[in-house]
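Asks: Quick one: the structure is below, questions incoming.
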Amino acid sequence: MATASLPETRAEQARPRAAAWLGLAGGLALGLVLLAAALAKALDPRAFGEELAALGLTGPLPPFVAALGALALEALIGALLVANLRRLPVLAAASALVAFFLFVTGRDAWRAAHGQVDAASACGCFGNLVDRTPAEAFHQDLLMLVPALALAWLGRPGATRRVRARAAAALAAALAVTGLAAAAPDLPLDGWATRLDRGVEVASLCAGRDAERVCLTGIAPELATGRRLVLLVDISDPGFEALARDLNARQRAGTEPPVTVLAEIPPERGQELFWTVAPAFELHDVPRALLRPLYRTLPRSFLVETGRVTATWSGLPGDLAVAREPR
Amino acid sequence: MTTRRTLAAAALLALLTALPIRLAAQAPVADALFKDFTPWSEWSLSVDGRSAPKARIYYAKLAQALLIRSAEFPSPVLVDLSGRTVATVDLMKVAERGDGAVDLLADAVLAPAGRLSVGKEGAAFEVGGRRGELRATPHLLGARSGAEMLAHDAYYRFLADRFQPDPGALERLRAEARDVRVLTFFGSWCPHCRDHVPFLLKTEQALGRARVRFDFYGLPRAGMTAEPEAAKWGITGVPTSILVVDGREVGRIPNDGWSHPEQSLVRLLGGAAAPASK
């Protein structure tokens, strides 16, 4: 009897070990995804705050503060999973986070399938310029997050040794991500956090796909050739009209390089600007999906020479003469 | 005698050759600032409360000025947007160019006529005791023919006239024996339509009596996607041009294919069109 029961005992012993390894792998995968996502968003917390505000998730908090809180939470859960601290509260929080992501992408997919797509463009000319459809986003999230999450529930509770040290390390990682996010707006991270950097071909700056794909050179063809100073601005900024007057004077004086201004411009505002500013410079409405990935804060500027970005500035170049050292 | 004839012929030839050069040298010189006025249809004129649909309005971006030619005023009116002033100018000092653009001549004298009052919805001025108002041109909505669109919008006409479709692509489209329909949704309020739809209108004109049929449909900005016709075709943005062959959609002109829509149509039909520059 004893010899007959031995193989069962080994199997019984192997099962928890396999479950623990699978759980560790699932937790590690999910944790790394969450950490990487938090880190990417931490480079531009204002953009993340705008997304949260658009989803109505900021509550009474300013979007930036809400973004910091959300990033801290996401990074902490990710770091705890990487540290293999797969306790019930951690996995419950991770499950809630994944469920929330799926809810958001699933809702967008449902809306798109039922024709409730928001126009992404300020002028409303372009449709919803997306690089992946809401349905694709939902399916990718489903495939990437759910299996890892399901595995992470196996072989709980994960590590039983040096728990305090692991928790402290996870907390430190979360604090580091949050600290980075808090400091990011003042750090020279534009090149990392945006699609606009030295050496980039302007023609490669596009949004949308298939027939709806829109590229910057399609909207502002003058950027494909010659040398131009390009300003990304917020036309609702109180200082815009004064800036526009300076640009008009510069343009009429024939100052080199000529200026192109890119902004989101609702048609009624465009008509208003015609009378109040009468732009003598090139002013183009650019859909948000194309413009937003190019900056963290407005204004931002860059120099284009024969279709390639040769310099970028956070803000405006000093006296607009392209004399200041770019960063 | 022969030598004399030869000399006379040579002298005549030299004279004829020199004449155009001389005429070109005497061609009127455009003003350094008030030049390159292009037809502009974003704004419509009314005078003393009555619409003036025959008025021709031009805009010069660099000069920040509008030029208005209307029988309602004794002289062309120059509206300086930067200074917010209005002046009249002698009609003889307005030179219309072959491409439809307009220049003021260098010796044009601007006679001050008053101030321009600007509001959020437009602007108003007074010239010779008559009140002119510039208001946004109403949008063109619903099913429209290409001719209607060209008649409605002077800027569309201006761009269409300047556009040169690729002859190879036109030839390919003319050879099309199937029932081909190009259905284009546009917004007359949309700057991107303003810049590109005229190329398609020129393509339609250039094709003449070919079997390819062009239909246009103007959408409002608010509730664009909810318009029944737009919803039927799944329109999410404008301009959207749908190619329908034998009653079946075969494709749409991509957003980056509007610089030469005739080539995009050929590509959608499954043929190759030689690239051509604008």
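Nothing in this text is a laboratory measurement; each read-out follows from the coordinates by a stated rule. Just so you know, these numbers come straight off a predicted model, no measurement behind them. As a convention, Cβ positions derive from the backbone with ideal geometry for all residues, glycine included, and neighbour counts pool all protein chains shown.
Asks: Under a 5 Å amide H to amide H cut-off, with H placed in plane at 1.01 Å, what residues pair with A:Glu264 once short-range neighbours are removed?
Replies: Answer set, sorted by chain and number: A:Ile235, A:Val286.
Asks: If I take every Cα pair under 8 Å that is 6 or more residues apart in the stretch B:38-136, average their sequence separation and divide by the length, what percent do I get for the relative contact order?
Replies: Working: 201 pairs, mean separation 25.0, N = 99.
Computed value for the stretch B:38-136: 25 percent relative contact order.
Asks: Can you give me the orientation-averaged projected area of the convex hull built on the Cα atoms of the stretch B:142-269, in nm²?
Replies: Details: hull surface 28.1 nm².
For the stretch B:142-269, averaging the hull's shadow over all directions gives 7.0 nm².
Asks: Further question: Name the residue, out of A:Leu88, A:Leu291, A:Leu283, whose mean-square fluctuation peaks in a Gaussian network model built on chain A with Cα pairs under 10 Å.
Replies: A:Leu88
Asks: Given B:Lys61/B:Lys120; B:Lys120/B:Lys232; B:Lys54/B:Lys120, which pairs have Cα atoms separated by over 30 Å? Before the final figure, lay out the partial values.
Replies: Values: B:Lys61/B:Lys120 20 Å; B:Lys120/B:Lys232 35 Å; B:Lys54/B:Lys120 24 Å.
Checking Cα-Cα distances, B:Lys120/B:Lys232 exceed 30 Å.
Asks: Classify chain B as rounded, prolate or oblate from the Cα gyration tensor: take a ≥ b ≥ c as the square roots of its eigenvalues, call it rounded if a/c is under 1.5, otherwise prolate when a/b beats b/c and oblate if not.
Replies: Judged from the Cα gyration tensor, chain B comes out oblate (a/c at least 1.5, b/c at or above a/b).
Asks: In Å and from the alpha-carbon atoms only, list the Rg and Dmax of the protein assembly as shown.
Replies: 31.6, 141
Asks: Oh, and also: What 222 nm value per residue comes from the helices of the protein assembly as shown, counting each DSSP H run with n ≥ 4 as -39,500 (n - 2.57) and dividing by all residues, nearest 500 deg cm²/dmol?
Replies: Values: 18 runs with 253 residues, N = 605.
That calculation yields -13500 deg cm²/dmol at 222 nm.
Asks: Using a 10 Å cut-off on Cβ atoms, rank the peptides A:23-31, B:46-54 from the highest mean neighbour count down.
Replies: Values: A:23-31: 22.3, B:46-54: 12.6.
Packing proxy ranking, top to bottom: A:23-31, B:46-54.
Asks: Can you give the angle from 0 to 90° between the axis of helix A:134-152 and the longest principal axis of chain A, with both taken from C-alpha atoms, to the nearest 10?
Replies: 30 degrees
Asks: Now, a different point. Just the Cα atoms of the stretch A:200-261: what Rg and Dmax do they give in Å?
Replies: Over the stretch A:200-261's Cα set, Rg and Dmax evaluate to 14.1, 42 Å.
Asks: Give me the three principal axis extents of the stretch A:199-327 from the C-alpha atoms, as integers in angstrom, largest value leading.
Replies: Cα extents, longest axis first: 39, 36, 25 Å.
Asks: Oh, and also: Suppose every Lys and Arg Cβ carries +1 and every Asp and Glu Cβ carries -1, with no other charges. What dipole size does chain A come out with about its Cα centre, to the nearest 20 debye? It would help to have the intermediate numbers written out before the result.
Replies: Details: 32 positive and 31 negative charges, 337 e Å.
That gives a dipole near 1620 debye.
Asks: With +1 on the Cβ of every Lys and Arg and -1 on the Cβ of every Asp and Glu, and nothing else charged, how large is the dipole of the protein assembly as shown about its Cα centre, in debye rounded to the nearest 20? Show your work: numbers first, answer last.
Replies: Numbers: 67 positive and 61 negative charges, 225 e Å.
Approximately 1080 debye in magnitude.
Asks: Something else about it: What span do the alpha-carbon atoms of chain A cover on each of the three principal axes, reported in whole Å from largest to smallest?
Replies: Cα extents, longest axis first: 101, 44, 41 Å.
Asks: Taking beta carbons within 10 Å but only from partner chains, what does the mean come to for residues A:264-270?
Replies: Mean inter-chain Cβ contacts per residue within 10 Å come to 3.
Asks: Which of these, B:Thr236, B:Thr88, B:Thr184, has the largest mean-square fluctuation under a Gaussian network model of chain B (Cα springs below 10 Å)?
Replies: B:Thr236
Asks: Rounded to a whole number of µm²/s, how large is the Stokes-Einstein D of the stretch B:38-136 at 10 °C and 1.306 mPa s, given Rh as the Kirkwood radius over C-alpha pairs?
Replies: On the way: Rh = 13.5 Å.
The calculation lands on 118 µm²/s.
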